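The values are calculated or read from the model by the stated rules, or taken from the named source; none is laboratory data. A quick note: this is a predicted structure, and the numbers were derived from the prediction, not measured. FYI the Cβ positions are ideal-geometry reconstructions off the backbone, even for glycines, and counts take in every protein chain you see.
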Amino acid sequence: MKPKPFPGNGRGLSVEYMRMREGPSYFVILYRNSSKIVSAADPKDVWRCLGNAKYTPTAQALKEWAVEIVNSSLPKPEPVPDTSFASDVEEPNDNTKMIT
């Protein structure tokens, strides 16, 4: 899969999101001459890797981008009708014919 780079990359920070078809998706982070791979299960871990710099405007944008990109790649759940009430359930004998 093609990596999606963070738009604010530069000046010693490089973050890419790798969405996998099989297996867990992850982020690749290069910051302060070291690299880390962070699972996409908790996208705020990307923000936590920045240490003291996590309070800068770029770090806040990174946190918002990571949460947004992970939520947009999750499958949308289909709504299931609630049939817990007896009035909503179809009567089993309504669609039968009586033999005389």
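Is it the case that the range 42-49 has a residue that's within 19 Å of Met1 (Cα to Cα), without any contact (Cβ under 8 Å) to a residue 24 or more places away in the chain and in contact with a Ser or Thr (Cβ under 9 Å, 6 or more places away or on another chain)? Explain how you work it out, then say what you get.
Within the range 42-49, the first condition is being within 19 Å of Met1 (Cα to Cα), and the residues that meet it are 43.
Narrowing further to those that are without any contact (Cβ under 8 Å) to a residue 24 or more places away in the chain: none.
Among the residues of the range 42-49, not one is within 19 Å of Met1 (Cα to Cα), without any contact (Cβ under 8 Å) to a residue 24 or more places away in the chain and in contact with a Ser or Thr (Cβ under 9 Å, 6 or more places away or on another chain), which makes the answer no.
If we keep just the residues of the range 1-38 that are in contact (Cβ under 8 Å) with a residue 40 or more places away in the chain and part of a loop (DSSP other than H, G, I, E, B), which is farthest from Leu50 (Cα to Cα)?
Here the answer is Arg19.
Any residue in the range 57-78 that is among the aliphatic types (A, V, I, L, M) and part of a loop (DSSP other than H, G, I, E, B)? Working first, answer last.
Let us first name the residues in the range 57-78 that are among the aliphatic types (A, V, I, L, M), namely 59, 61-62, 66-67, 69-70, 74.
If we keep only those that are part of a loop (DSSP other than H, G, I, E, B) as well, we get 74.
Yes.
Looking at (1) of a type in the set (A, V, I, L, M, F, W, C); (2) surrounded by fewer than 15 Cβ atoms within 10 Å (Cβ to Cβ); (3) touching a strand residue (DSSP E or B) at 6+ places or on another chain (Cβ under 7 Å), can you tell me which one Phe6 breaks?
(2)
Could you figure out which of (1) surrounded by 12 or more Cβ atoms within 10 Å (Cβ to Cβ); (2) within 14 Å of the chain's Cα centre (by Cα); (3) modelled with pLDDT under 90 isn't true of Trp47?
The number of the failed condition is (2).
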